[in-house]
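Shown next, in structure tokens, is the structure this report addresses.
Nothing in this text is a laboratory measurement; each read-out follows from the coordinates by a stated rule. Since the model is a prediction, treat every value here as computed from it, not as a measurement. As a convention, Cβ positions derive from the backbone with ideal geometry for all residues, glycine included, and neighbour counts pool all protein chains shown.
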Amino acid sequence: MPDIVLAIETSCDETAAAVLADGRIVRSNIVASQESVHTRFGGVVPELAARAHVESIRGIIEHALHTAGVTYREVDAVAVTDGPGLVGSLLVGVAAARTLAWLLDRPLVPVDHIDAHAVSAALTPPTPGSPRWPAVALVVSGGHTSLYHVRDWLNVQLLGQTTDDAAGEAFDKVAAILELGYPGGPLVDRLARDGNPAAIHFPRTRPDGDSLDFSFSGLKTAVLYHVYGRGRKYGSVAHLSRAQLADIAASFQAALVEPLVERTIEAAQRVGAPRVVVGGGVAANGALRSALAGACAVAGLELILTPMAFCTDNAAMIALLGHHLWKAGRTCDLDLEPRSGLRRPARSVG
């Protein structure tokens, strides 16, 4: 019988469960989006997110098991996201996982959400003989923008991270300024395809000359002032044509993508990693994928992009990393509590 891992992910506004067999076969990956709950607020409302998780968690778990053709008793280990994320949301998933681990008398495996994104590219069957690690992983999502050195499944070192807004957060805020709607990433990306990325020179900020950190707050403010007028925080886009809006979107996207790509290549060169892997919701962005492909080709680096289905928050990536943690004996007691923050501080490299 294959080893079966049941995984649960509730770090933000997706309720997800997945079943993984033998650490490589995704038997099911069920995700319930809360987009309709939060759209009218222009962002995730933590209390509403937690409530929605409570309402759907049992059904999502049972759906995942049924789709996989697996019973509760056939589960060998229960993996769950324990952080970082919204504490109220995390608590729902952790409570469900603790309960199942106790009822089934199975190991409970805590999984770091960002570490899981960092290894999610491995959910694609590798080219025979082509290893995934070591690699530099760029994780870009609504809540996190980070660079990691992934030496192997159990050795993931933080190299740099955003000092303010995450890339996905910047997309959402600029989409709000341009009155496009929520979630902002896909909407800005779509509009930017009709614009000129060189029309407006928005700032590219580097917090420290030697660090691999990012900063997007100044970029967001530059877009705000460009649209509303310098020093103004409120206004409208009524005075702008669609062509002008497209140019703003394309120029903003270029200013965001450029430092992501440059720092990722720099990180790989500093640590001597032969490849780059990319995960997180913003990894679905067309401009980012194209720019990374070109830059990696020039630098002689292999690029492995997480499949679109696994870019946004999902439980398959939790199951994948959870399997390796379980096999390494990294399980926990049933008193596991969620945490909102990152587990590790950034460390200097090179």
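Quick notes on this structure:
- Total formal charge among the other residues, if their Cβ is under 14 angstrom from that of Lys233, Lys/Arg +1 and Asp/Glu -1: +4
- Residue exposure sequence - His63, His201 - by fewest surrounding Cβ within 10 Å: His201, His63
- Of Thr124, Thr306, Thr99, the sequence from fewest to most neighbouring Cβ atoms within 10 angstrom is Thr99, Thr124, Thr306.
- Neighbourhood net charge (9 Å Cβ-Cβ; Lys/Arg +1, Asp/Glu -1) for Ala287: +1
- Within the chain, percent of DSSP bridges classed antiparallel, to nearest 5: 60 percent
- Close amide H pairs (under 5 Å, H built 1.01 Å from N) link Ser28 with Val19, residues at least 5 positions away or on another chain.
- Of Pro84, Phe310, Leu245, farthest towards positive along the dipole that unit charges on Lys, Arg, Asp, Glu beta carbons give the chain: Leu245
- Inter-label distance, nm, simple model (7 Å from Cα along the C-beta direction), Arg270/Ser217: 2.1 nm
- Under 5 Å from the amide H of Gly160 lie the amide H atoms of Leu147, each residue being 5 or more positions distant or on a separate chain, with H modelled from the backbone and absent for Pro and chain starts.
- Under 16 Å from the Cα of Lys220 - aspartates and glutamates, other chains or at least 8 residues apart: Asp164, Asp165, Glu169, Asp172, Glu179, Asp189, Asp247, Glu258
- Neighbourhood net charge (13 Å Cβ-Cβ; Lys/Arg +1, Asp/Glu -1) for Trp133: 0
- Arg242/Ser290 FRET efficiency (R0 25 Å; Cβ-Cβ; nearest 0.05): 0.60
- Taken about its Cα centre, the chain carries a charge dipole of about 560 debye when Lys and Arg each add +1 at the Cβ and Asp and Glu each add -1 at the Cβ.
- Gyration tensor (alpha-carbon) shape descriptor, the stretch 125-305, a/c threshold 1.5: prolate
- A straight chain from Arg330 to Thr71 at 0.36 nm per residue would run longer than the Cα-Cα distance by 90.8 nm.
- Relative contact order (%) - criterion: Cα under 8 Å, at least six apart; region: the stretch 125-305: 27 percent
- Oblate is the label for the stretch 247-288, because a/c, from the alpha-carbon gyration tensor with a ≥ b ≥ c as root eigenvalues, is 1.5 or above and a/b does not exceed b/c.
- Placed amide H near Ile304: partners under 5 Å, 5+ positions off or other chain: Val276, Val277, Val278
- Computed over the stretch 1-141, relative contact order equals 25 percent, with contacts defined as Cα pairs under 8 Å that lie 6+ residues apart.
- Taking Ile318, Ile30 and counting other C-beta atoms within 10 Å, the order from fewest to most: Ile30, Ile318
- DSSP-assigned coil residues among trypsin sites (Lys or Arg not before Pro) in the stretch 238-337, each with at most 12 further Cβ atoms within 10 Å: none
- Angle between the chain longest axis and helix 286-299 axis [Cα atoms, degrees, rounded to 10]: 90 degrees
- Acute angle (nearest 10 degrees) that the helix 46-68 long axis makes with the longest principal axis of the chain, alpha-carbon atoms: 50 degrees
- Cα gyration tensor shape of the stretch 1-142, rounded if a/c is under 1.5, else prolate or oblate by comparing a/b with b/c: oblate
- Length-normalised contact order of the stretch 77-117 in % [C-alpha pairs under 8 Å, at least 6 apart]: 57 percent
- At R0 = 25 Å, FRET efficiency that the Cβ-Cβ distance of Glu35 and Glu179 yields, to 0.05: 0.90
- When the charge dipole of the chain is built from unit charges on Cβ atoms (+1 for Lys and Arg, -1 for Asp and Glu) and taken about the Cα centre, the candidate among Ala192, Ala283, Gly23 whose Cα reaches farthest toward its positive end is Ala192.
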